[in-house]
1. Could you list, ordered by first residue, the pairs with Cβ atoms under 7 Å in which the first is in segment 56-69 and free of Cβ contacts under 8 Å to residues at least 12 places away in the same chain and the second is within 12 Å of ligand 2 (Cβ to nearest atom) and assigned to a helix (DSSP H, G or I), at least 6 apart or interchain?
2. When the residues of segment 23-60 are narrowed to those that are of a type in the set (Ser, Thr, Tyr) and surrounded by 15 or more Cβ atoms within 10 Å (Cβ to Cβ), which ends up nearest to Val73 (Cα to Cα)?
3. Which condition number in (1) of a type in the set (Val, Ile, Thr); (2) in a helix (DSSP H, G or I); (3) surrounded by fewer than 18 Cβ atoms within 10 Å (Cβ to Cβ) is the one that Thr121 fails?
4. Of the residues Leu26, Leu101, Leu79, only one is aliphatic (A, V, I, L, M), over 26 Å from Glu132 (Cα atoms) and within 14 Å of ligand 3 (Cβ to nearest atom); which?
5. Count, please, the residues in segment 41-55 that happen to be more than 25 Å from Gln131 (Cα to Cα) and assigned to a helix (DSSP H, G or I).
6. Looking only at residues in segment 5-22 that are touching a strand residue (DSSP E or B) at 6+ places or on another chain (Cβ under 8 Å), in a loop (DSSP other than H, G, I, E, B) and closer than 23 Å to Lys78 by Cβ, which one is farthest from ligand 3 (Cβ to nearest atom)?
7. Is it the case that segment 84-96 has a residue that's buried (at least 16 other Cβ atoms within 10 Å of the Cβ), of a type in the set (A, V, I, L, M) and over 23 Å from Gly58 (Cα atoms)?
Amino acid sequence: MSSLLQGVNLYLIGMMGVGKTTVGRLLAKQLAYGFVDTDDVIAQAAGKSINQIFDEEGEAAFRQLESDVLSQVCAFTKLTIATGGGIVLRRENWSYLHHGLIVWLDAPVELIYSRLADDTTRPLLQDSDPQEKLRSLLEQRQSLYAQADIRIAIAQEETPEQIATRIIEAIPSVLKKPVSH
Ligand SMILES: Nc1ncnc2c1ncn2[C@@H]1O[C@H](COP(=O)(O)OP(=O)(O)O)[C@@H](O)[C@H]1O
Ligand SMILES: O=C(O)C1=C[C@@H](OP(=O)(O)O)[C@@H](O)[C@H](O)C1
Ligand SMILES: [Mg+2]
């Protein structure tokens, strides 16, 4: 698979809680790729948590940092990159994402909510009705996520290992060269 990919980066996109960070790390290992999580790079560079960045600088400043990180990582090859759920919002980010293969991890809001109900690290979910907030974020973003090269629909009870395997199995179908006439 690594030889088929020829070093092309894989970008995982999708809603918060869908498993981009968890699956991305496994996927990188399986492909002998490096692993980057854009949120981790942002937090390390800023010297504070994502919550603190949102609190102290606001979402717009976070989105700028996110674009800056993405523009830098896309210069490298052989990476699996777990993005933050909102990376799809800025048009300029798509020009970076399209340097590689874009994989959308798609799961129902109920599954995501069951994972994040007690989570305090997602500033956008610190809301009086987090499940409704997830619903409205997904509604705003669904058509953007759908621009990915590969969609992986995630069912309840699927392990991160099973999801990583399904991604690897889906790659050849999008790497096929078009038939020349
Ligand atoms: N396939 C899975 N099955 C069960 N729990 C999972 C799975 N993938 C991720 N999780 C858990 O869900 C939470 C969110 O996962 P994470 O990888 O941080 O998602 P994202 O990066 O998309 O926000 C974490 O607690 C993680 O351990
Ligand atoms: O959906 C979003 O807008 C966000 C998702 C988070 O990352 P994960 O998708 O890894 O949770 C993080 O970037 C920030 O809290 C904003
Ligand atoms: Mg993540």
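1. From residues that are free of Cβ contacts under 8 Å to residues at least 12 places away in the same chain, the pairs are Ala61/Ile53.
2. Filtering segment 23-60 for residues that are of a type in the set (Ser, Thr, Tyr) and surrounded by 15 or more Cβ atoms within 10 Å (Cβ to Cβ), the one nearest to Val73 (Cα to Cα) comes out as Thr38.
3. Evaluating Thr121 over (1) of a type in the set (Val, Ile, Thr); (2) in a helix (DSSP H, G or I); (3) surrounded by fewer than 18 Cβ atoms within 10 Å (Cβ to Cβ) leaves (2) as the failure.
4. Leu26
5. Total satisfying the criteria: 6.
6. In this case the residue turns out to be Val8.
7. Among the residues of segment 84-96, not one is buried (at least 16 other Cβ atoms within 10 Å of the Cβ), of a type in the set (A, V, I, L, M) and over 23 Å from Gly58 (Cα atoms), which makes the answer no.
Residue-wise test of (1) within 15 Å of ligand 1 (Cβ to nearest atom); (2) β-branched (Val, Ile, Thr); (3) in a strand (DSSP E or B); (4) farther than 16 Å from Leu144 by Cβ.
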site	(1), (2), (3), (4)
Ala60	no, no, no, yes
Glu66	yes, no, no, no
Phe76	no, no, no, yes
Ile81	yes, yes, yes, yes
Asn93	no, no, no, no
Tyr96	no, no, no, no
His99	no, no, no, yes
Trp104	yes, no, yes, no
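Throughout, read-outs are computed from the coordinates displayed, never taken from laboratory work. Everything numeric here is computed off the predicted structure, so don't read it as measured data. With ideal geometry, Cβ positions are generated from the backbone for all residues, glycine too; neighbour counts draw on all protein chains shown.
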